[in-house]
Each structure stands twice: as structure tokens, then as C-alpha cells.
1. Taking region A:1-24, which residues are in a loop (DSSP other than H, G, I, E, B) and closer than 24 Å to B:TYR90 by Cβ?
2. Among what's in region A:94-115 and is outside any strand (DSSP E or B) and closer than 17 Å to A:THR7 by Cβ, pick the residue that is farthest from the chain's Cα centre (by Cα).
3. Cβ-Cβ distance below 7 Å, separation of 6 or more or different chains: which pairs start in region A:36-49 with a residue that is crowded, with 21+ Cβ neighbours inside 10 Å and end on one that is β-branched (Val, Ile, Thr)?
4. Give me a count of the residues in region B:28-63 that are β-branched (Val, Ile, Thr) and either more than 24 Å from A:GLN41 (Cα to Cα) or surrounded by 19 or more Cβ atoms within 10 Å (Cβ to Cβ) (or both).
5. Determine which member of the set B:ALA88, B:ALA75 is within 28 Å of A:SER5 (Cβ to Cβ) and either surrounded by 15 or more Cβ atoms within 10 Å (Cβ to Cβ) or within 14 Å of chain A (Cβ to nearest Cβ) (or both).
6. Among the residues in region B:82-89, are any touching a residue at least 24 places away in the same chain (Cβ under 8 Å) and part of a strand (DSSP E or B)?
7. Quick check on A:LEU91: is it in contact with a strand residue (DSSP E or B) (Cβ under 6 Å, 6 or more places away or on another chain) and either within 11 Å of another protein chain (Cβ to nearest Cβ) or not in a strand (DSSP E or B) (or both)?
8. Can you confirm whether B:GLY101 is within 14 Å of A:THR103 (Cα to Cα) and facing chain A (nearest Cβ under 10 Å)?
Amino acid sequence: GAGVSQTPSNKVTEKGKYVELRCDPISGHTALYWYRQSLGQGPEFLIYFQGTGAADDSGLPNDRFFAVRPEGSVSTLKIQRTERGDSAVYLCASSFPGGVGDTQYFGPGTRLTVL
Amino acid sequence: AQKITQTQPGMFVQEKEAVTLDCTYDTSDPSYGLFWYKQPSSGEMIFLIYQGSYDQQNATEGRYSLNFQKARKSANLVISASQLGDSAMYFCAMREAMEYGNKLVFGAGTILRVKS
């Protein structure tokens, strides 16, 4: 079946602009996660959805970051007033609670560059 | 807080040989899960193998096996019969419980280069 998809694959924006990053999880996966991966590092957790609600947003760095999942499937990560330090790869993952190890399956990521 | 340590920034291996990528972890939770992911230059994180803390046997998936030593808190990935396509970044990760659900905590990764 289809894996996790993310759009766009690349996004270049200017400092101060607003961006939206989209994630379409694996069909039937109720849990959805966003991670941020800076160059040369492992991914870091941002936010977790179970269904439509944000169950844990403790990883969001500040209030410029916000994510929604209105119908319990597709999610959008929104970044306001982008800064150069926001440049990173944003990874989305999904899992089926109760699956082996609650394994998370990742999408290809969106590479965000803030000029 | 949980922590994952990957001490090998980079590794080389000759094609068709086996290689071990190291991972140590730190947790006070009795129940935890350990994962290995592969990240090729294309950027996608590919799930390889999972080991639960209560699993009696070491996990295996094809050419991948996990050398789980609970007392030493290590979960090394062994790749047998290396192939050129195995060249990638490899991440060890631990499942950390949150109030609702889990998140993954990743190590810094190891770059593996397979030589022909």
C-alpha cells in the first residue's frame, strides 16, 4: 500500500514568511507525528496526534509553530514568521497503535530553507 | 529523560562483509522499545528492525539482526553480507512514553559506506 507522503518535497521561503507543510499518513494509521531534522543530527520530536487532537505538542519550539489534523487523516504543520533557524528537514510519521512496537513509518520529508 | 548514544560517526565496510553499528541507551523505564532506521541520501527514514525490552530473543529481519544486551544497555545493529545499497545513515531510536502515546528519541546516527 501507499506509504506516508509529504508535500512539498522542497520549500524555499524568505525570512518572515508563513509556510505550510502537508503530511498524508498511511491509510488506517490513527497516530501521526511530526519531527524536525537539522543537518547532521537525528530527528527531534515536535508534535503527536491521536485522531484529530494534538495529544502532545511538547516538542514545538515556540508559538510560531502550529499543527492541525482536522479530519484525523491529513495533517498540516504551519510555521509563522519563519526564521533562518527554522531551516531543516521536517519529517512526518504515522503508526497504528497496537502494531508491533508501535512502529512509526516515515515520509520522505520536506526540506525547508529560509533565506 | 531517555538518551541514545551512537559513538561511531562513520564506518567503512567491504562489500559482502558483515558490519556492526553500535548503540547504547539509557532509561529507567522497565518497558521500552528500540528501533533502527536507515536514511539514504534521498532523505526518507526506512524502518529496519525492532526490539522490545521483554523480547527473549534478538530480533532478526533478513540481513539485519539486533545484538540486544540488556544488562549493558546496548542494541547494536549487525548487517550481514553488506551491499553497495547499504551505504546510508543509520539511526538508533528508543520509544519514549508520553502521557498519551509514544515518541521516538534518536541518536546522532552513523554514516555507513560500503566499498566495492
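Here, each number is a calculation from the coordinates, and none is a lab measurement. None of these values were measured; they are calculated from a predicted model. Here Cβ is always computed from backbone atoms with ideal geometry, including for glycine, and neighbour counts include all displayed protein chains.
1. A:GLY3, A:VAL4, A:SER9
2. Just the residues of region A:94-115 that are outside any strand (DSSP E or B), to begin with: A:96-104, A:107-109, A:115.
Adding the requirement that they be closer than 17 Å to A:THR7 by Cβ leaves A:107-109.
On the way: A:GLY107: 9, A:PRO108: 11, A:GLY109: 8 Å.
Looking at residues that are outside any strand (DSSP E or B) and closer than 17 Å to A:THR7 by Cβ, I get A:PRO108.
3. A:GLN37/A:VAL89
4. Narrowing region B:28-63 to residues β-branched (Val, Ile, Thr): B:46, B:49, B:60.
Then drop every residue that is not either more than 24 Å from A:GLN41 (Cα to Cα) or surrounded by 19 or more Cβ atoms within 10 Å (Cβ to Cβ) (or both), which leaves B:49, B:60.
So the count comes out to 2.
5. Working: B:ALA75 fails: within 28 Å of A:SER5 (Cβ to Cβ).
The match here is B:ALA88.
6. Yes, the conditions are met somewhere in region B:82-89.
7. Yes, satisfied.
8. Working: within 14 Å of A:THR103 (Cα to Cα): yes; facing chain A (nearest Cβ under 10 Å): yes.
So B:GLY101 fits the description; yes.
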